[in-house]
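Here is the structure we will look at, set down as structure tokens.
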There are 2 protein chains.
Amino acid sequence: MVHPTSQHNRATGLAKQKTNEKSKAKRVLRWQRDPEGMRLRILEAAKQEFAAHGLAGARVDRIAAKAGANKRMLYYHVGNKEDLYLTVLEAAYEKIRAEERSLDLEQLDPPDAIRTLIGFTWGYFLRNPEFLALLNSENLSRAKHLKRSTKVKSMHSPFVEMIRAVVSRGVASGDFQAAVDPVQLYISIAALRFFYLSNSATLSVIFGRDLLNRQAKDERLEHMVALVLAALTGRSPAVFGREQALRVGVPAHTGAA
Amino acid sequence: MVHPTSQHNRATGLAKQKTNEKSKAKRVLRWQRDPEGMRLRILEAAKQEFAAHGLAGARVDRIAAKAGANKRMLYYHVGNKEDLYLTVLEAAYEKIRAEERSLDLEQLDPPDAIRTLIGFTWGYFLRNPEFLALLNSENLSRAKHLKRSTKVKSMHSPFVEMIRAVVSRGVASGDFQAAVDPVQLYISIAALRFFYLSNSATLSVIFGRDLLNRQAKDERLEHMVALVLAALTGRSPAVFGREQALRVGVPAHTGAA
DNA sequence: ACTGTATTTATCCAACAGGTTAATTTGTCT
DNA sequence: AGACAAATTAACCTGTTGGATAAATACAGT
């Protein structure tokens, strides 16, 4: 019955402060209006929930609880479950596109530009692991929702053009030997990081080693950069992947998936 | 009420043939026992269902219907939903491991061995698209089920060793310039194909072009082989990816995801 | 034919999940 | 202060879903 801060302490401001000890219980603790904040909390909670359980596995009640809100609020502020899902997806794309646009490769020499590009996206996905899951979820539904989103369709990644430019410069300068379809290269770079992170759970079980600790992640980044640069420059930058990989051999487990 | 062939025509043999028109309706059409067949149909149906909708989205009733069975049969023959899921997963791993073992690279010179390896796995995933979805599903649940499966954990892929051997030979023969950690290379090769196929739905929307038609798939295979071989040999095998990629430029859309 | 067990079917159910209704509270404008 | 819209809450409704029960049927051994 008591509205006040019913679910969470979503103290948006100077909310509760015992106020007047006499006034009816109803008025001791108050909730405040905060539509924008509420909407944001809902979207954040929904992102976590959808990322953690997928579209079908996500629970509307859990989202509400996590947002310190009421189920009715979701419908009031966003719409039904699928609307909510699409909104989350669109926000995720917007976020990554915005960060992508902040990257400037023009000053760097081609190999460094590639290094920077790979390092940047690697970092982004490490910082935003939910995005991986959201994309997988959307692919499971065969992009059904994305197709309906004119918003996302209009948000082109600047990376394809960046890659085209860098490769072009690299070929001209002699740094790179081969011309590559920038879309293919874009996909390949995305693949190298995406698969590793997205499938780290199963891969870790199969290989019997943790692929997400600091060292493993560093090694992976090193390997990806070396692989791509070796392909582009035609000069394998020393032994790539783990140093002494072949001489020393690889740990115990060596399954695969 | 009429048991006979109630859901499907799962004519396991010479099932219905109008038999004796006089005998009671109950006996006109008969179902036959076929435990092994039933189990297989259930697993196949379950594989499709789990691949299409994920673990949470899968519906036990749909699996039963698709298997031409009854819901009770699932519990009788396999167990509850999660048991069923794990069984499907284990069967999927068994299948790919079996095919993997059939691949013999020892006779081929190192570059051809790599080509063959990539082509083989590419083909496997094209022929078995459900496996992609199953793996994604399992990663969504952070390999919770795999961890419980001693079966899968003991099924090591022969590919890591094959790659180690091939790279080793390649370095010795001078075909390859760099030594690579075979596990990293294994993951990278897996990544190049997995991401492309698994994310083709969203990528197709973003790029505004179909990534799964014949030509696109051929180009992708070509690109993957070229990328890996260029990195290993240090000799970019001509322009890789799409011929004239840079000169001609790339189609209309060029977004990204 | 007779019987016990394996296999299969039809039916039911309690929990759950998404969505809706209606009441209550808050802030703002007058 | 009063009124009206925006925001929030609690309670309810209904179809679904995984799972369980119990009855029916088939088959093998005798």
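The values are calculated or read from the model by the stated rules, or taken from the named source; none is laboratory data. Being a predicted model, the structure only gives us computed values, none of them experimental. Cβ: placed from backbone, ideal geometry, glycine included. Neighbour counts: every protein chain shown. Keep in mind that these areas ignore ligands, DNA and RNA; they rest on the heavy atoms of the full protein, side chains included. Shrake-Rupley method; radii C 1.70, N 1.55, O 1.52, S 1.80 Å.
Please work out if B:VAL166 is modelled with pLDDT under 95, crowded, with 21+ Cβ neighbours inside 10 Å and in contact with a helix residue (DSSP H, G or I) (Cβ under 7 Å, 6 or more places away or on another chain). Against the criterion (modelled with pLDDT under 95, crowded, with 21+ Cβ neighbours inside 10 Å and in contact with a helix residue (DSSP H, G or I) (Cβ under 7 Å, 6 or more places away or on another chain)), B:VAL166 does not qualify. Considering only segment A:80-104, state which residues are part of a loop (DSSP other than H, G, I, E, B) and within 8 Å of DNA strand C (Cβ to nearest atom). A:ASN80 - this is the single residue of segment A:80-104 that is part of a loop (DSSP other than H, G, I, E, B) and within 8 Å of DNA strand C (Cβ to nearest atom).
Each row is one residue, and each column tells you yes or no for (1) away from every other protein chain (no Cβ under 14 Å); (2) in a helix (DSSP H, G or I); (3) within 8 Å of DNA strand C (Cβ to nearest atom).
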{"site": "A:ARG39", "(1), (2), (3)": "yes, yes, no"}
{"site": "A:ILE42", "(1), (2), (3)": "yes, yes, no"}
{"site": "A:ALA45", "(1), (2), (3)": "yes, yes, no"}
{"site": "A:PHE50", "(1), (2), (3)": "no, yes, no"}
{"site": "A:ASP61", "(1), (2), (3)": "yes, yes, yes"}
{"site": "A:ALA65", "(1), (2), (3)": "yes, yes, no"}
{"site": "A:GLY68", "(1), (2), (3)": "yes, no, no"}
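Can you pull out every residue in segment B:29-60 that is at pLDDT 95 or above, among the acidic types (Asp, Glu) and within 15 Å of B:VAL78 (Cα to Cα)? Matches in segment B:29-60: B:GLU44 only. Write out, first by first residue and then by second, each pair whose Cβ atoms fall under 9 Å of each other, whose residues are 6+ apart or on separate chains, and whose first residue, in segment B:168-190, is in contact (Cβ under 8 Å) with a residue 60 or more places away in the chain while the second is basic (Lys, Arg). Hits for this filter: B:ASP175/B:ARG169; B:PHE176/B:ARG169. Does A:ILE118 count as part of a helix (DSSP H, G or I), within 29 Å of A:ALA51 (Cβ to Cβ) and either modelled with pLDDT under 95 or more than 10 Å from chain B (Cβ to nearest Cβ) (or both)? Yes; evaluated as a whole, the condition is true for this residue. Evaluation of B:PRO237 against the conditions (1) at pLDDT below 95; (2) more than 7 Å from chain A (Cβ to nearest Cβ); (3) crowded, with 21+ Cβ neighbours inside 10 Å shows that the sole unmet condition is (3). Condition check: of a type in the set (Asp, Glu), away from DNA strand D (no atom under 15 Å from the Cβ), at negative phi and open to solvent by 40 Å² or more (accessible area, probe 1.4 Å). Does B:ASP83 satisfy that? No, not satisfied. Entry remark, segment B:186-203: residues being more than 7 Å from chain A (Cβ to nearest Cβ) and within 20 Å of A:MET224 (Cα to Cα) number 3 in total. Residues of segment A:170-183 that are open to solvent by less than 10 Å² (accessible area, probe 1.4 Å) and within 7 Å of chain B (Cβ to nearest Cβ): A:ALA178, A:VAL180, A:ASP181, A:PRO182, A:VAL183. Filter segment A:92-102 down to residues that are out of contact with any Leu (no Cβ under 6 Å at 6 or more places or on another chain) and surrounded by 16 or more Cβ atoms within 10 Å (Cβ to Cβ) and give me whichever is farthest from A:LEU146 (Cα to Cα). The selected residue is A:GLU100. Note on segment B:57-79: among residues that are closer than 27 Å to A:ALA58 by Cβ and either open to solvent by less than 40 Å² (accessible area, probe 1.4 Å) or in the same structural domain as B:HIS145 (by TED's automatic domain parsing) (or both), the one that is nearest to DNA strand D (Cβ to nearest atom) is B:VAL60. Just the residues that are within 28 Å of B:SER157 (Cβ to Cβ) and hydroxyl-bearing (Ser, Thr, Tyr), please, taken from segment B:60-99. Matches in segment B:60-99: B:TYR85, B:THR87, B:TYR93.
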